[in-house]
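Please read the structure below before turning to the comments.
The values are calculated or read from the model by the stated rules, or taken from the named source; none is laboratory data. All figures in this text were calculated on a predicted structure; none of them were measured in a lab. Backbone-built Cβ (ideal geometry, glycine too); neighbour counts: all protein chains shown.
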Amino acid sequence: MKMEQFQKGARVRGLAVDGVAAVKSVEFHGSNAAEIIFTDARGGLRTRIVSREDEPSLDLVESVRAWSFDADGDLFRLVSEARRIELAWLFDPHVAITSSTIEPLPLQISAVYEEMLPRQPMRFLLADDPGAGKTIMAGLLIKELMIRGDLERCLIVSPGSLTEQWQDELAEKFGLEFDILTRDMISAARTANPFESTPLNLDKFQENQVGTKVEEFDNTLDVRLYATYAWGIAPRQADPTAEIEWEEFKVGGEGTFAERATARFTTERVLRSKLGGVELRGLRDKHLWVERDHVSVAQLAEWFARYLYLPRVTNRSVLELPGQDGAPVITADDTFAVAATLDEAKKRYNGLKVGEGHLAVVDRCTLLVRTQVAWAQRERERGLTASPGTHDSGRVPSGTDGSPVSQRMPAPGAPKLPPNTFVASVKLDPTRVVKDAGRAVVEVLEHLSTLPDAEVEVTLEMRVRVPDGIKETAVRTVSENAKTLKFQTAAFERE
C-alpha cells in the first residue's frame, strides 16, 4: 500500500495492532511521512506517524456491504432445509407417520400418540393380539422419539427367529438402520461391551445437544434435591386470647424458596393476595372497630402486619381493593362506606361514598367508615326525618340516583320474576383438583342441572406460571395432550 492511498474513510490492515483500522484524517509532512488519525477495531481513537518504510506492512482493505447477500445460496438452502426437518415434529404432530412408508390403523395411532408419547418418560408393556401391529407401534414410537431428540440409542430384544425380520421391517418401513448384536461383536469389543466401543458418530451439533441435555439433567437434579427438604412454617391464631399454633407445609416446585413458599402459602390461604369487602367487614366487627367510627388503610396495614389473628396479606394494595368494594355495592350494610378525608372541625366525612360508586383514588389515607355513621351524615345533609319506611339503622334506604327505594319499587301485586341464570367461578387447589371439582358438581351443579330445560355450560380455565420457564419436553407433551383433548384454546407465552 502506498502512502498516497491514505484518505478519510479508508480501511487499513496493519495500522493498528488488533485488526482493521478506519482512517479519520490524514496530514502529510513532506513526501515521506504522514500523521494518521484512526479508530481501531474496538472504536478507540488513535494517532500514528507513518513513513515510506511502513508501506510493505500495510494493506488496503476493500469496503464490503454488511448485507451483501453474495454468499452461497445452495449452502444456505441446505442449512435451512436441515433446520426445517429438525423442527418438523413441531408443525406435524404425526411426523413419524408422514416420513414413513406405512398406513397405520387407528388403534396403532391411538396407542402411540394418545397413550405412550404423552406419558414420557415411562416404561410400557405393549401387549396385543398377533397381527395387531406391535412392530408398527414400536417403530412409530422409536422414530418419533428420535425426531424429537429424546432417543439416542435403542436396543430391541426379539426372538432369535424374528431378529432379521425386525431389522428388515424397521429399515423398509421407517428408514431405521439397526445392527444385529452377535457374539462375534461382543468378542471383538476390547472391553467386552460393544455399546462402549461402538462410536456414536455424533456431529458437532449433536455433541452440543448431548451436553445441553446433561446440563439440564444436572440442574433438574439440583432443584429436586433442594426441594426435597423444603418446609414452610406459618403461624395461626383464632382470636387475640388463643394460643399461637404453627402449621407446617411442604414447599415443592421450582424457583427460589421465597417464590415457592409464597405460592404454597397462597394456596393454603395462609397468605392472602385478595381480600373482599364483605370479609373485611367481618374482621372489622370481630376484631378491629370496637370503639371506632372509621379506620384508614394505613392503620389497617399496620394492624394486619402486627397481629397474628388477622390474615397475612402480600402487600398494602390487598387492603386497598376492599375499599373499592365498599363504595359501589348495592347492599352497603354488608361492607362499609368509604371517604377521602375527615373534617375534624365539622365532624364531616369528605368524599363519602356509600353504595353509590367508586372513589377516584383509594390509597393509604383513604378512610373506611361504619355504614351507620355514613347514613347518619347523609340524613343530616338531606334533612330527612324518620318515616314508616325507615331502615332499622335510622336511615331511609335510597338507590344510586338518590331517590328512596320505596319510590322505585314495583306496584303492589306485580309479579316478582325469579332469576333464570347462574354464573359462578371458584379457585381450586391444584394439588386436589379432582376432589374439589367433584364437590362443586355435587353441591352446586347437580341442584341446577336437574331443573327442567336447564342449559348447563362448564368451562375449565387453567393458568400455570413457571418463573424459570417451561421445559421443551413439557411444552411438547402438554400441547399434544391439549390437542387430543380438543381444548378450545391452549397456548404458551412469555410474560
Qualifying residues in the stretch 22-41 (those that are in contact with a Leu (Cβ under 9 Å, 6 or more places away or on another chain) and farther than 13 Å from residue 7 by Cβ) - the one surrounded by the most Cβ atoms within 10 Å (Cβ to Cβ): 40
Does residue 198 satisfy being polar (S, T, N, Q), surrounded by 10 or more Cβ atoms within 10 Å (Cβ to Cβ) and either at negative phi or at pLDDT 75 or above (or both)? yes
Only one residue in 30, 19, 44, 73 is at pLDDT below 80, over 30 Å from residue 143 (Cα atoms) and small (Gly, Ala, Ser). Which one? 19
From the list 156, 109, 142, which one is in contact with a His (Cβ under 9 Å, 6 or more places away or on another chain), at pLDDT 85 or above and of a type in the set (A, V, I, L, M)? 109
Can you pull out every residue in the stretch 434-461 that is under 30 Å from residue 260 (Cβ atoms), hydrophobic (A, V, I, L, M, F, W, C) and either modelled with pLDDT of 85 or more or not in a loop (DSSP other than H, G, I, E, B) (or both)? 434, 437, 440
Flag for residue 179 being outside any helix (DSSP H, G or I), loosely packed, with under 10 Cβ neighbours inside 10 Å and at pLDDT 80 or above: yes
Quick check: anything in the stretch 31-43 in a strand (DSSP E or B), touching a residue at least 40 places away in the same chain (Cβ under 8 Å) and within 60 Å of the chain's Cα centre (by Cα)? no
Determine whether residue 390 is more than 30 Å from residue 147 (Cα to Cα), at pLDDT 80 or above and polar (S, T, N, Q). no
Could you check the stretch 342-381 and list, in sequence order, the residues that are surrounded by fewer than 14 Cβ atoms within 10 Å (Cβ to Cβ), among the acidic types (Asp, Glu) and either modelled with pLDDT under 80 or not in a helix (DSSP H, G or I) (or both)? 343, 344
Taking residue 230, is it at pLDDT 70 or above, closer than 20 Å to residue 256 by Cβ and over 25 Å from the mean Cα position of the chain (by Cα)? no
The stretch 133-164, subset touching a helix residue (DSSP H, G or I) at 6+ places or on another chain (Cβ under 9 Å) and of a type in the set (Gly, Ala, Ser), residue surrounded by the most Cβ atoms within 10 Å (Cβ to Cβ): 139
In the stretch 462-480, is there at least one residue being surrounded by fewer than 10 Cβ atoms within 10 Å (Cβ to Cβ) and modelled with pLDDT under 80? no
Looking at 478, 466, 426, which is the one that is part of a loop (DSSP other than H, G, I, E, B), among the β-branched types (Val, Ile, Thr), under 30 Å from residue 94 (Cβ atoms) and touching a residue at least 12 places away in the same chain (Cβ under 8 Å)? 466
Which ones in the stretch 84-120 are assigned to a loop (DSSP other than H, G, I, E, B), in contact (Cβ under 8 Å) with a residue 24 or more places away in the chain and either of a type outside the set (Ser, Thr, Tyr) or surrounded by 12 or more Cβ atoms within 10 Å (Cβ to Cβ) (or both)? 93, 99, 100, 102, 104, 105, 120
Can you tell me which residue within the stretch 481-493, out of those that are without any contact (Cβ under 8 Å) to a residue 12 or more places away in the chain and part of a loop (DSSP other than H, G, I, E, B), is farthest from residue 106 (Cα to Cα)? 493
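A quick yes/no check of all residues on (1) modelled with pLDDT of 75 or more; (2) on the phi > 0 side of the Ramachandran plot; (3) of a type outside the set (D, E, K, R); (4) exposed (fewer than 12 other Cβ atoms within 10 Å of the Cβ):
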residue	(1), (2), (3), (4)
243	yes, no, no, yes
267	yes, no, yes, no
272	yes, no, no, no
281	no, no, no, no
293	yes, no, no, no
307	yes, no, yes, no
313	yes, no, yes, no
